[in-house]
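A.B. asks: Next up is a structure, given as structure tokens.
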Amino acid sequence: VKVLLELAGLKDSIERAKELGITTLKDSSQYGPSLVLGGGEVHLLDMVAAYGVFASEGKKTYPQSILQIQDTKGRPLKENTSSAIQIMDPKIAILVTSILSDNEARAPVFGLYSKLLVPGYGVAAKTGTTQEYRDAWTLGYTSELAAGVWVGNNNNAAMEKAPGATVAAPIWNQFMTEALPLLTP
């Protein structure tokens with residue numbers, strides 16, 4: 001909160017969030033210090049796209065649902081050719097990745113063998129839980145893949161008192177554990 005208010009600035013921070021891919025933070029006058037604690041609604045896909053910027057050392061790639069269309073013989077008919085753009089100093093993205101992948105630093109809270117660890121892969125991950133346990137998040141990435149999991153009720157009702165590390169992280173971990181070997185030669 002202190003960094004937001006005294007160093008980064010609320011308006012500039014919201015503008016940076018928009019650059020990273022957050023589409024829901026429209027009017028900076030609607031937000032205050034609680035923004036850094038989850039006080040603004042965001043879409044899961046936006047969050048994954050933002051984490052993807054850190055994963056790619058500061059390059060933004062817009063989410064794509066279709067990468068390529070092939071004919072029956074596997075020949076490309078149409079290919080998505082959108083490219084990444086550098087929006088952040090790579091050194092900053094690397095520093096954030098280092099922080100989010102430091103298993104020893106998070107061990108006092110999560111344990112050495114938490115669901116934020118994917119054996120054999122250097123993953124960077126973050127959990128989050130909103131007040132009254134209405135939302136639980138886990139977002140994380142490697143240089144090959146960024147993924148996120150949201151757990152909650154569609155009617156915004158509170159869940160049982162379980163944080164993101166308990167309800168979202170196991171799902172994220174299982175996905176990453178199965179997906180990463182498919183991406184690595």
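The values are calculated or read from the model by the stated rules, or taken from the named source; none is laboratory data. The structure presented is a predicted model; accordingly, all values stated were derived computationally and were not measured. Positions of Cβ are backbone-derived with ideal geometry, glycine not excepted, and every protein chain shown enters the neighbour counts. Quick note on the areas: whole protein, heavy atoms, side chains included, nothing else; ligands and nucleic acids left out. Shrake-Rupley method; radii C 1.70, N 1.55, O 1.52, S 1.80 Å.
A.B. asks: Take residue 124 and tell me if it is free of Cβ contacts under 8 Å to residues at least 60 places away in the same chain and either more than 18 Å from residue 167 (Cα to Cα) or touching a strand residue (DSSP E or B) at 6+ places or on another chain (Cβ under 8 Å) (or both).
C.D. replies: no
A.B. asks: Taking the stretch 163-182, which residues are open to solvent by less than 60 Å² (accessible area, probe 1.4 Å) and more than 19 Å from residue 44 (Cα to Cα)?
C.D. replies: Across the stretch 163-182, the qualifying residue is only 180.
A.B. asks: Please go through the stretch 58-82 and give me each residue that is free of Cβ contacts under 8 Å to residues at least 12 places away in the same chain and either at negative phi or of a type in the set (Ser, Thr, Tyr) (or both), ordered by number.
C.D. replies: Of everything in the stretch 58-82, those that are free of Cβ contacts under 8 Å to residues at least 12 places away in the same chain and either at negative phi or of a type in the set (Ser, Thr, Tyr) (or both) turn out to be 65, 69, 70, 71, 72, 73, 75, 76, 77, 78, 81.
A.B. asks: I'd like the residue in the stretch 1-46 that is in contact (Cβ under 8 Å) with a residue 60 or more places away in the chain and touching a helix residue (DSSP H, G or I) at 6+ places or on another chain (Cβ under 9 Å) and, out of all such residues, is surrounded by the most Cβ atoms within 10 Å (Cβ to Cβ).
C.D. replies: Checked the stretch 1-46; the qualifying residue surrounded by the most Cβ atoms within 10 Å (Cβ to Cβ) is 20.
A.B. asks: Looking only at the stretch 77-98, filter to residues that are among the β-branched types (Val, Ile, Thr), under 27 Å from residue 178 (Cα atoms) and in contact with a helix residue (DSSP H, G or I) (Cβ under 8 Å, 6 or more places away or on another chain); which one of those is surrounded by the fewest Cβ atoms within 10 Å (Cβ to Cβ)?
C.D. replies: 96
A.B. asks: Would you be able to say whether some residue in the stretch 99-115 is more than 22 Å from residue 45 (Cα to Cα), crowded, with 17+ Cβ neighbours inside 10 Å and either modelled with pLDDT of 95 or more or among the hydroxyl-bearing types (Ser, Thr, Tyr) (or both)?
C.D. replies: Within the stretch 99-115 (the criterion being more than 22 Å from residue 45 (Cα to Cα), crowded, with 17+ Cβ neighbours inside 10 Å and either modelled with pLDDT of 95 or more or among the hydroxyl-bearing types (Ser, Thr, Tyr) (or both)), the answer is yes, since at least one residue qualifies.
A.B. asks: What number of residues within the stretch 60-76 satisfy the criterion of being open to solvent by 90 Å² or more (accessible area, probe 1.4 Å) and either aromatic (Phe, Trp, Tyr) or closer than 26 Å to residue 20 by Cβ (or both)?
C.D. replies: Taking the stretch 60-76 and keeping what is open to solvent by 90 Å² or more (accessible area, probe 1.4 Å), we get 62, 65-67, 70, 72-73, 75.
From the residues that got through so far, the ones that are either aromatic (Phe, Trp, Tyr) or closer than 26 Å to residue 20 by Cβ (or both) too are 62, 65-67.
Selection size over the stretch 60-76: 4.
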